[in-house]
Each structure stands twice: as structure tokens, then as C-alpha cells.
Amino acid sequence: MTKITVAYAPDKNFVPLTLVSMASVLRNARKNDEIEFVIMYADLEDKYLQIFDNLQAIKPYSLKKLKVDEKVFDGFPCPNWVTTEAWFRCLLADLLPNDDKVLYLDCDTIVRNSLDNLFKLDLGNCLVGVIEDVSGSKDKAKNIALTDGFYFNSGVMLINLNAWRKIDFFSKLKNIVMTDAKVSNDQDALNKACDGQKYRLSPKYDYMQVWWRKNTPQYDDKYMADFLKAEENPIIVHFTGKKPNHPACKNKFLSEFKEYAKLVPAYDVLQKEIGLKEAGKGREKLPLYKRIFSVETSSDRKHKYINLFGLTLKIKI
């Protein structure tokens, strides 16, 4: 029997997507897979928290609902395309003190096979098992001066919790966030904090189809071959860009998402009530002039964030 612990950090708008992802994990689990879900949240209402226990008919599972104090992340950058909850995963070593390993998944994912083999991987001294980002990975690695040159996508992370605890991971990451001006979002911070201690997973565990624009991954030949092979039968699909509950989504795995959505009780009602269709926080889109240029002060009053043509710079005050 393999214990498979999967963690999510949804805000209210991502509850329907999270439920579909959970349903896909359960639908494709093996008989002997022992599934545990972890829901990290800040201010979800009880009526939404209760919904996460409504998938037992697919396959029995255990559930942990862990409330996180957002004030822990005061001063952390939060660009317009992510939620504050995206930072919560950085606390998983503290939130799960008795676990050795956890798979963090972004809410916009589906799992198409058992995660048994993934959880049997020996990460050694590596902090995370991750997949190289599909867009501009080498440029991003250079921008934040990664010594290993490997910039990963943080939407799928197999986390070595024991290794995180040994180095007091969150303290290390917080120091990076507060002192490195080039680190402008959660994914940058995680890459920097894990620099030199990353286990390179196959792209089949975080397949990202960038269908809405031309995109050539900055992969080496072998990884590119693995990426092309993964497209045929990925284990985890990550719906970057337009979400699968958006009418304009054209991801090749959209039909599978819809099948898993049918397993979620009252999914259509939930989606109509709270479902987020656009990537981002569920906040109103910034006016054009603010998307071109804006200046914000962090909540700890120690930094300013300058947004210029989609790029974010962090400057000490």
C-alpha cells in the first residue's frame, strides 16, 4: 500500500477546479493507493470547506483542512496572475510535521494515472522533484542567477518534507524574498530556495500545452524528446493559460477535464456560483494604464513593486 498525499491551496474561485483535480486523482488511483488530500486555505467559508469531503463515492480518502494565516506572507510579492494562497505551499514542512513527502498540485491540474510510482521515487537529498518550465526556462534561470540553471514550474512539486525541515526551508525562502530584488513572485522564490537541490522529473508529471501562442521550450535535446513523448500520454496535465472551465480553452485534454467534472456533485452549480474562468486571483482586471506601469508598496512598508510592461521589479525602500 502506498500513501499518496496531495496538497492544494485554493481560494474560493478555485474550489470547482480543485474538486475536479481531486476527482481525477481518485478515479485513476490503484486499489491499494491510500489517498490523503490536504486543503490549505485562508478564508474559505464552511459551506465550501465541507464540499471537499463529497467525493468519497469515487474512492475513500482522508482529508486535512489547514487554515493558514495570510499575515505570515506580509511583504511577499503577489503579481496579478497568482493568488496569495500560492505562497501557502512554502509552509508544508511545518503544516505536515509527520509526513515525509507530499505532492503539491495547482488547482488547474488533472491526474490521469496512479501516482504510486511517483511517490516511490527516492529524492535523496533533493528538496523537490520538479519539471522544467515550458516557457523561457533558461532565461528565467539566468534572471534570478540560479547556479544549477534549472528553472522549474512550481505548479507540480513532489516535496521532500524531511529535507525541508533540515534546512528550515521557510526561513530560507523568506530571507530570499526579502533580500533578493530579482525574485518577483512565488515561483522565482521557490526556484531560488531549491537551487542546486532539484530532482528533475519527466515532463509527463507536469505536461503543459502552450496552445494559445507559439512556444519552443528551452530544453536540451533529451528533455525535449521526453516532452514530446509526454504529450502522448501524460500522467499530470497542467492547464496553464485559459482554464478548462473557460469557453475559450482549447487544450487537447479539455474533454478529459469535462469527464472528471461529471464526477463532482453539483459541479455545474458550483462553477456558475464561484468558478473562476480566467487565470489569476479572481480580481478585476487592472486598467490598461496600470498594466503598463504601476507602483505598489508591500504591506511591511519595506519594498516597492514596480510593474512595467508586465515585468515586476522589487526595490528596497
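Ligands, DNA and RNA are left out, and with a 1.4 angstrom probe the accessible area of the chain is 47 Å² per residue.
Computed packing ranks the peptides 179-185, 116-122 as 179-185, 116-122, most packed first, by mean other Cβ atoms within 10 Å. Taking a ≥ b ≥ c as the square roots of the eigenvalues of the Cα gyration tensor of the chain, is the shape rounded (a/c under 1.5), prolate (a/b larger than b/c) or oblate? Judged from the Cα gyration tensor, the chain comes out rounded (a/c under 1.5).
Amide H to amide H, with H built 1.01 Å from N, Val38 comes under 5 Å of Val6, Ala7, Tyr8, Lys64, counting only residues 5 or more places away or on other chains.
Split the chain at each of the GluC sites (Glu not before Pro) in a DSSP loop with at most 16 other beta carbon atoms within 10 Å, and the longest piece is 46-230. Around the Cα centre of the chain, unit charges on the Cβ atoms of Lys, Arg, Asp and Glu (plus for the first two, minus for the last two) sum to a dipole of about 620 debye.
Per-residue ellipticity at 222 nm, computed for the chain from helices alone with -39500 (n - 2.57) per DSSP H run of at least four residues, works out to -7000 deg cm²/dmol. Using only side-chain charges placed at the Cβ, +1 for Lys and Arg and -1 for Asp and Glu, the dipole size of the range 114-214 relative to its Cα centre rounds to 120 debye.
For the chain, the carbon plus sulfur part of the accessible surface works out to 50%, probe radius 1.4 Å. Annotation for the range 197-271: trypsin sites (Lys or Arg not before Pro) lying in DSSP loop with at most 14 further Cβ atoms inside 10 Å of their Cβ are Arg213, Lys214, Lys250, Lys252, Lys262. Descending by average beta-carbon neighbour count within 10 Å, the peptides 164-170, 106-112 line up as 106-112, 164-170, the highest first.
The values are calculated or read from the model by the stated rules, or taken from the named source; none is laboratory data. All values reported here derive from a predicted model rather than from experimental measurement. Every residue, glycine among them, receives a Cβ derived from its backbone with ideal geometry; neighbour counts consider all protein chains shown. Protein only, heavy atoms only, side chains kept; ligands, DNA and RNA dropped before computing areas. Shrake-Rupley method; radii C 1.70, N 1.55, O 1.52, S 1.80 Å.
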